[in-house]
Amino acid sequence: MFKVNRNSWWKTSFLVLIALSVVLAGCSSNNQNSQNTKGNNNTSSSGNAGSVPAKEEPLKVSIMSHFFQDTPPDKGGEVQQRMQEALNAELDIQWVSVNNYEDRFNVTVASGDLPELVLVRDPFSSVFRTGVEQGAFWDITPYYKDYGNLTQSISETAWNLTKMKDGKNYGVPRPRPTEGETFFAIRKDWLDQLNLELPTTTDELYAVMKAFVENDMAGNGQTVGFSGYVNPDNMGNFSPFISSFTGANGSSGNVEWKLVDDQLVYVDTLPETRQALEYLARAYKDKLLPADFASLRSSQSVDLYKAGNAGMIVEKGASISEYLSAMSASNSDVDYQVLYPLTSINGYNPRAGGFNGMLAIPKSVPEEKMKRILSMLNTWMSDEAYEIQQWGIEGVHHKVENGKKVIIEEKFAVDSIANYNQIVFKHGPYASSYGDHHPDEMKEAFGKIQEERTKSSVPDYSVGLYSETAQTYLPEIRKKTQDLKIKIILGNKSIGDWDAHVETLKNDTTLNKIIEEINASYNARASE
Amino acid sequence: MNSTVTAANEKTVIPRQKYHLGKRMFRDRYLYLLALPGLLFFLILKFVPMGGIVIAFQNYSHYIGILKSPWVGFDHFIRLFTGDQFWLLLRNTMAISLLNLFFFFPLPIIISLLLNELRSNRYKRVIQTIIYLPHFLSWVIIVSLTFLMLSVSQGVINQVIEMAGYDKYPFLTEPKIFWLMLTLQSIWKDAGWGTIIFLAAMASVDPQLYEAAKMDGAGRLRSMWHVTLPAIRNVVVILFILQLGNIMDVGFEQVFLMGNGAVSNVAEVFETYVYRMGIQQGQFSFSTAVGLFKSAIGLILVVMANYMSKKMGEEGVF
């Protein structure tokens with residue numbers, strides 16, 4: 001009997017184990033079921049209730065976006081509470097640091113567990129493209145025109161440029177001004193001290209940087225003419241130097257295509273790029289650039305400028321606030337002159353595409369809910385709802401002086417409210433040059449610069465163009481070229497090595513195929 | 001029920017070898033039950049995910065899943081082996097690994113030999129604690145410290161060099177010394193930690209051997225050479241074999257964090273390449289193929305080293 005008992009005990013325990021695992025598995029699928037039913041409830045109730053949103057149950061929506069600054073906004077913070085009330089929604093926002101958003105996006109896509117509203121930073125990356133081709137995201141072309149704010153606050157250009165290969169929109173573009181794009185900004189207060197004019201050509205630029213360094217404007221022997229960083233596969237913040245020579249614009253650091261006689265030419269093979277490299281190598285030798293620029297991270301290069309050690313940086317006028325607050329810690333006299341945008345160099349300044357990434361909705365979201373998300377974005381873009389993130393809470397984030405709202409910068413920055421702009425952003429035409437809360441004097445000066453820039457700004461002709469070969473092989477070509485560029489600037493390789501490299505590039509069959517495909521794609525779009 | 005009784009009876013009569021596997025398993029059922037959680041762990045978390053390796057032979061797309069992704073055979077491997085990145089990656093990986101093997105590997109043995117000879121236990125413990133400490137710092141911190149010490153504009157060491165009247169040296173952007181920097185960092189971080197195993201092995205040496213050696217007139221160096229080292233020889237061999245298996249792994253974090261534009265042609269290794277291709281650019285199939293190649297080399301090296309050490313009369317790992 002004893003044996004029998006032991007046997008049955010063994011069986012029982014095994015059964016218990018199996019039962020347990022079944023229950024556990026059941027649990028998780030139950031969860032899903034219950035979530036699904038919840039989701040369905042939400043959406044089924046919304047189906048007929050679109051006209052009376054006030055009575056609807058709040059829309060639960062998960063969002064993934066990136067954030068700038070040190071910390072993301074507080075989920076339970078009062079600003080978000082108020083926004084949720086205004087939107088009649090429960091926002092579950094996953095804030096991902098801007099430094100590794102691309103990685104996170106790719107991994108999230110690969111895991112198949114996408115949030116219901118996703119920031120797609122590069123609508124033309126291979127990962128998103130394949131997703132679109134394989135039907136993983138909602139085509140919102142038939143729907144978005146039903147929502148007034150989506151078409152009013154977002155320019156038609158932005159909608160057009162974010163169209164995928166099939167001519168349809170798979171996301172709501174995040175609108176950005178087309179003018180006032182990130183470009184050189186200079187310490188005008190230093191220029192004034194030295195009685196120098198604002199530079200307009202690369203030679204003048206060089207002379208100005210040299211004057212800054214020779215006169216040690218920082219006063220600690222650490223002055224550099226320019227502060228910037230490079231990426232492993234492109235020139236990062238140094239690309240405006242090269243663009244000033246080539247006159248070609250690109251996006252996210254990759255400046256690769258110049259329109260010459262209706263043909264897109266690969267800029268690294270142009271003699272102007274060679275000139276630019278010689279220019280930078282000379283600048284490095286003359287100690288106008290940070291000695292360790294090749295190992296600087298983006299934030300480190302910004303810190304160098306904030307510490308008052310650099311005479312020039314690549315920035316937008318509207319980003320001045322954080323520089324001002326950092327610099328005023330050591331010198332309370334500073335004003336907007338410390339980040340003064342240059343108009344153009346050699347007649348070149350970049351024009352933006354009118355959008356910066358977009359928000360996509362995965363196909364796993366039911367149609368009704370997708371519509372409700374669009375409607376939520378529509379509400380978010382209304383003045384009443386947008387005002388909450390624009391100004392924060394009265395008495396906390398802004399105060400009213402003489403009937404005008406004034407931002408309390410410190411608290412506004414600490415609660416990092418500006419990060420909601422990463423999801424929904426509304427802007428006037430000057431938003432890249434200055435914000436509403438900036439002093440009038442600065443608005444006037446920066447506004448004039450922007451108007452001047454508009455006359456000569458160069459768009460990125462390659463935006464949205466597609467080449468299958470480029471997706472696979474261009475990154476390696478980029479990296480190899482970038483390695484050489486850095487070595488030439490550091491003086492480890494000679495310009496002769498560059499000529500040899502350009503010769504190989506010109507004969508590279510892969511690159512020639514890429515050039516062919518990009519041009520075919522360009523012509524196809526032009527003929528539309 | 002009868003059968004269980006007879007089975008139990010038979011156990012005492014029939015010699016072990018004649019049992020069927022099933023019966024033997026049944027007899028040792030509690031041991032198996034005990035092992036079950038561990039087996040499940042390996043099965044579910046280690047073996048099942050390995051099925052994902054098939055994407056190395058597909059043009060995997062996450063939107064349509066593993067089952068429906070088109071099959072491409074060895075295309076990704078061909079791209080890897082014929083691409084001009086391959087030799088660069090192999091050279092960098094091997095260089096970093098071999099430098100580690102030659103300079104880093106013997107150090108813990110030497111340190112533990114030295115520690116073993118210390119008379120004062122208190123002093124020995126203090127030293128041990130101090131040299132273990134860096135192991136617990138993450139690479140992020142160590143790399144930041146390196147930057148603080150060595151960068152051209154702010155680095156302490158460069159400031160000292162400048163004060164001494166010499167030219168500053170670009171430690172972080174000089175490709176020639178990049179591998180050496182990595183090895184030195186690894187030594188600083190983990191040489192102390194590595195002594196633990198050797199010290200434990202030395203502690204188990206029979207003190208009588210030392211006494212006998214002393215009687216025979218052996219000095220300290222002699223007994224170190226003829227008693228301590230032979231006693232820990234098999235530990236050294238086993239660790240060496242394991243180290244060989246890792247020869248293609250140079251540690252992603254360290255290399256990735258230390259890398260920058262100026263040194264990238266000596267800093268690109270298989271691991272950073274997989275990250276760049278797979279995570280950053282979403283070429284999952286290709287990067288899986290790279291990873292698979294890397295693991296295969298590691299496996300071959302371990303098996304070979306194990307075979308060699310058995311040939312030479314040492315115990316292997318398996």
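Every number here is computed from the coordinates shown, using simple stated rules; none is lab data. What you are looking at is a predicted structure, and each value in this text was computed from that prediction instead of being measured. Heads up, the Cβs are rebuilt from the backbone with ideal geometry, glycines too, and the neighbour counts pull from every protein chain shown.
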How high is the relative contact order of chain B, in percent, with contacts defined as C-alpha pairs under 8 Å that are six or more residues apart? 22 percent
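Could you tell me what percent of the DSSP beta bridges with both partners in chain A are antiparallel, to the nearest 5?
Values: 23 of 38 bridges.
Given both bridge residues lie in chain A, the antiparallel proportion sits at roughly 60 percent.
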Contact order relative to length for chain A, counting C-alpha pairs under 8 Å separated by 6 or more residues, stands in percent at 22 percent
Subtract the Cα-Cα distance of B:ASN121 and B:GLU253 from 0.36 nm times their separation in residues, and report this length gain in nm to one decimal. 43.9 nm
Let me have the relative contact order for region A:291-386, percent, based on Cα pairs under 8 Å that are six or more residues apart. 15 percent
Report the extension gain between A:ASN523 and A:ASP383 in nm, rounded to one decimal, defined as 0.36 nm multiplied by the number of residues separating them, less their alpha carbon distance. 46.4 nm
With eigenvalues of the C-alpha gyration tensor scaled by 5 and rooted, region B:191-318, Å: 42, 18, 10
Can you list residues from other chains, or at least 5 along the same chain, whose modelled amide H is less than 5 Å from the amide H of A:LEU59? A:ALA89, A:GLU90
If the viscosity is 1.002 mPa s and the temperature 20 °C, what translational diffusion coefficient in µm²/s does Stokes-Einstein give for chain B when Rh comes from Kirkwood over Cα pairs? 88 µm²/s
As I understand it, the dipole of the protein assembly as shown uses +1 on the Cβ of Lys and Arg and -1 on the Cβ of Asp and Glu, about the Cα centre. Which of B:TYR60, A:ASN331, B:VAL303 lies farthest toward its positive end? B:VAL303
Exposed-loop cut sites defined as GluC sites (Glu not before Pro) in DSSP loop states with at most 16 other Cβ within 10 angstrom; longest site-free run of chain B spans B:118-313
Please list, ordered by chain and number, the residues whose modelled amide H lies under 5 Å from the amide H of A:ASN349; skip anything fewer than 5 residues away on the same chain. A:VAL458
Rounded to whole Hz, the Karplus (6.51, -1.76, 1.60) HN-Hα couplings of region A:311-321, x for glycine and proline: x, 8, 8, 10, 7, 8, x, 5, 7, 5, 3
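By how many nm would the segment from A:GLU409 to A:ASN492 lengthen if fully extended, with 0.36 nm per residue of separation less the alpha-carbon distance? Each step should come with its number before you reach the end.
On the way: separation 83, 0.36 × 83 = 29.88 nm, distance 4.54 nm.
Taking 0.36 nm per residue and subtracting the Cα distance, the gain is 25.3 nm.
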Which one of B:PRO230, B:PHE102, B:TRP193 has its Cα pushed farthest toward the positive end of the charge dipole of region B:76-311, where Lys and Arg give +1 and Asp and Glu give -1 at the Cβ? B:PRO230
Listed residues A:LEU277, A:SER65, A:VAL302: farthest to the positive end of the dipole of chain A (Cβ charges): A:SER65
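Taking chain A on its own, what percent of its Cα-Cα pair distances exceed 40 Å? Don't skip to the answer; put the middle values down first.
Working: 44415 of 139128 pairs.
When all Cα pairs of chain A are counted, 32 percent exceed 40 Å.
Tell me which trypsin sites (Lys or Arg not before Pro) from region A:432-528 have a DSSP coil assignment and no more than 13 other beta carbons within 10 Å of their own.
Loop-located and lightly packed - A:LYS455.
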At q = 0.10, 0.18, 0.22 Å⁻¹, what log₁₀ I(q)/I(0) does region A:173-301 have when each alpha carbon counts as one equal point scatterer in the Debye sum? -0.36, -1.09, -1.44
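If you place +1 on the Cβ of every Lys and Arg, -1 on the Cβ of every Asp and Glu, and leave all else neutral, what size is the dipole of the protein assembly as shown about its Cα centre, to the nearest 20 Debye?
Values: 77 positive and 86 negative charges, 976 e Å.
Here the protein assembly as shown has a charge dipole of around 4680 debye.
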Expected vector for region B:86-103, Karplus 3J(HN,Hα) from phi with 6.51, -1.76, 1.60 and θ = phi - 60°, integer Hz, x for Gly and Pro, equals 4, 5, 4, 4, 5, 4, 4, 4, 5, 4, 5, 5, 5, 4, 4, 5, 7, 9
In degrees rounded to 10, the 0-90 angle between helix A:367-380 Cα long axis and the longest Cα principal axis of chain A is 50 degrees
Using modelled backbone amide H atoms (1.01 Å from N, in-plane), which distant-in-sequence or interchain residues come within less than 5 Å of B:GLN58's amide H? B:VAL72
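At 37 °C and 0.692 mPa s, grab the translational diffusion coefficient of region A:294-398 from Stokes-Einstein with a Kirkwood Rh over Cα pairs, rounded to a whole number in µm² per second.
My calculation gives 180 µm²/s for D.
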How large is ³J(HN,Hα), in whole Hz, for each residue of region B:64-71 in order, when computed from phi with the Karplus curve 6.51 cos²θ - 1.76 cosθ + 1.60 and θ = phi - 60°, using x for Gly and Pro? 10, x, 5, 5, 9, 5, x, 7
Hey, got the dipole for region B:76-311? About the Cα centre, +1 on K and R Cβ, -1 on D and E Cβ, debye to the nearest 20? 540 debye
